[in-house]
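A short worksheet on the structure shown next.
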Amino acid sequence: MSHRLFALIVILLSGAPLLAHATDAAAITRQGNGKGAAPCMACHGVDGAGQAAAGNPRLAGLDAAYLQKQLDDFANATRDSAVMKATASALSEDERHALALYYSKLPLPPALARPAAAMPAADSAGAALAIRGDWSKGVPGCVQCHGPGGVGVGAHFPPLAGQPAVYIEAQLKAWQNGSRHNDPLQLMQHLSTALSAQDIDAVAAWFAAQSLPAAGATP
């Protein structure tokens, strides 16, 4: 008999509620886990909206499998970030799973329904890259993988719409210089190397200006 099964039998026989032993993801977001993981809300906000000025991304409404993969990758250093490595590595596997599920179920914060950034012109460089790509460089339109307007598709292509431009820029540059390498089939590493600094700034600004559904809706 495994230790986990034995512990479960003891809990059931004792009459103690199972919920008392469940990971409280909401508490971790507010207070940390008391074992080295900082409160998530310090960087990502109480409602998971992120902090645009600091380049901290929105987590609310993102795919649970995607979120857990990022936490796991931060924990095992597959994805580089001094802050997130310290936090993720201090979380247990159960805590990472619980947090991913918690954030995936949060509604989109009302403040993000109206982006602070002005919408670039329809014929801007950012719009062209996002929608049509640049086939002379072998770069397809971002929306072909990330969905219309960058709303996100499944566990491998996260939402870009409404994410801080600073964050999007930082991730593209991280793929470009090889410090981030946890993308499926090295797709982003390949595409990012074809982009100039101006391309990155333009496409990041375009996605940051995209509106999101109203509060309570799912991405």
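A few points about this structure:
- Taking N as its residue count, the alpha carbon Rg of the stretch 37-126 over 2.2 N^0.38 Å: 1.21
- Across all directions, the shadow cast by the convex hull of the chain built on its C-alpha atoms averages 13.7 square nanometres.
- Those trypsin sites (Lys or Arg not before Pro) in the stretch 54-113 that DSSP places in a loop and that have at most 14 other beta carbons within 10 Å: 105
- Other-chain or far-sequence residues with amide H under 5 Å of residue 79's (modelled H): 74
- Summing +1 for each Lys or Arg and -1 for each Asp or Glu among the other residues whose beta-carbon sits under 10 angstrom from that of residue 141 gives 0.
- With θ taken as phi - 60° and the Karplus curve 6.51 cos²θ - 1.76 cosθ + 1.60 applied, the whole-hertz 3J(HN,Hα) list for the stretch 27-40 is 5, 5, 4, 8, 10, x, 10, x, 10, x, 8, 6, x, 4 Hz, x standing for glycine and proline.
- Sequence-distant residues sharing a close amide H with residue 139 (under 5 Å, placed H): 134
- Per the Debye calculation on the stretch 130-219 with a single equal scatterer at every Cα and no solvent contribution, log₁₀ I(q)/I(0) for q = 0.22 Å⁻¹ amounts to -1.17.
- Sum of -39500 (n - 2.57) over DSSP H runs of 4+, divided by residues of the chain (222 nm, nearest 500): -12500 deg cm²/dmol
- Counting lysine pairs in the chain that sit 8 or more residues apart in sequence, or on different chains, and whose Cα atoms lie under 22 Å apart gives 7.
Laboratory data are not the source of any read-out in this text; all were calculated from the coordinates shown. What you see is a predicted model, and the numbers here were worked out from it, not measured in a lab. Quick reminder, even Gly has a Cβ in these numbers, built from the backbone with ideal geometry, and neighbours come from all protein chains shown.
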